[in-house]
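**Q** A single structure is presented below for examination.
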Amino acid sequence: MAAGPAPGSHQFEKTAMIRAVALAMMLGVLVSGVAAHIITPGWRTAIAPLVGVRDRPVETAATAEAWPICTSMASVAPDADWAQLDPDFKAGKKALRAENWSGAIAAFELAALRDPTNADIQNYIGYAYRRMRQMGPAIGHYQKALLLNARHRSAHEHLGEAYLVLGEPAKAQQLLVALENLCLLPCEEYDDLKRAIAAYKTLAGH
């Protein structure tokens, strides 16, 4: 006659099963976290292919927030009659004033579908990404704005400020020189970028 299960064996099997399930759940959470990190890398990884920068200590990004972002864009001065003609452009400007950065991006991207050669739209999208701390897309849109209009002063300023956040003061200085040549008279964009570079050098101890 076959012997029955040893006393307490059912309890042991039940405990082992609970532990196995708990372990599987913990591993699932761990794998999900690693996958999320791989799928959504840090901003330095995203920007490296665009500007060719090396990886830098985290402190650089932390202190970067003390540098001036810009004052000219914060006011979001009204554009020409274009804002009256395109409702999405107008909605994007309204979202910028409300600091609704994702809403501004969505509206301006719709406007860009109808006017893909408008450098102002690309500059505004870049600015919204910059305020969301997404430096890769920000720089990409600033560069696109300059491809569409090589004399776009605001895009020069904002791209220079973005390079400061990435710890590239030499590139920011090049854009300042370009602005000096573009602004035959004193202009706000030149002054803003010059102040940002000075603030960066002060914080960096240069």
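The values are calculated or read from the model by the stated rules, or taken from the named source; none is laboratory data. Worth saying up front: this structure is predicted, and the values here are computed from it rather than measured. A quick note on method: Cβ atoms are made from the backbone with ideal geometry, for glycine too, and the neighbour counts reach across all protein chains shown. What goes into the accessible areas is simple: the full protein's heavy atoms, side chains included, and nothing from ligands, DNA or RNA. Shrake-Rupley method; radii C 1.70, N 1.55, O 1.52, S 1.80 Å.
Matching residues to (1) within 12 Å of the chain's Cα centre (by Cα); (2) at pLDDT below 95:
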| site | (1), (2) |
| --- | --- |
| Ser102 | yes, no |
| Glu109 | no, no |
| Ile125 | yes, no |
| Lys144 | no, no |
| Arg153 | no, no |
| Ala170 | no, no |
| Leu175 | no, no |
| Cys183 | no, yes |
| Lys201 | no, yes |
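**Q** Quick check on this structure: which one of Gly160, Gly103, Gly140 is of a type in the set (Gly, Ala, Ser) and touching a residue at least 40 places away in the same chain (Cβ under 8 Å)?
**A** Among Gly160, Gly103, Gly140, only Gly140 is of a type in the set (Gly, Ala, Ser) and touching a residue at least 40 places away in the same chain (Cβ under 8 Å).
**Q** Please work out which one of (1) without any contact (Cβ under 8 Å) to a residue 40 or more places away in the chain; (2) surrounded by fewer than 17 Cβ atoms within 10 Å (Cβ to Cβ); (3) in contact with a helix residue (DSSP H, G or I) (Cβ under 7 Å, 6 or more places away or on another chain) is the condition Ala170 fails and give its number.
**A** Tallying (1) without any contact (Cβ under 8 Å) to a residue 40 or more places away in the chain; (2) surrounded by fewer than 17 Cβ atoms within 10 Å (Cβ to Cβ); (3) in contact with a helix residue (DSSP H, G or I) (Cβ under 7 Å, 6 or more places away or on another chain), Ala170 fails exactly one: (3).
**Q** Sticking with this one: Looking only at segment 139-186, count every residue that is under 17 Å from Ala104 (Cβ atoms) and not in a helix (DSSP H, G or I) and tell me the total.
**A** 0
**Q** Looking at segment 177-202, which of the residues that are touching a Phe, Trp or Tyr at 6+ places or on another chain (Cβ under 7 Å) and aliphatic (A, V, I, L, M) is farthest from Ala119 (Cα to Cα)?
**A** Ala199
**Q** Just to be sure I understand, how many residues within segment 115-145 are closer than 17 Å to Glu168 by Cα and either open to solvent by less than 20 Å² (accessible area, probe 1.4 Å) or among the polar types (S, T, N, Q) (or both)?
**A** The total comes to 8.
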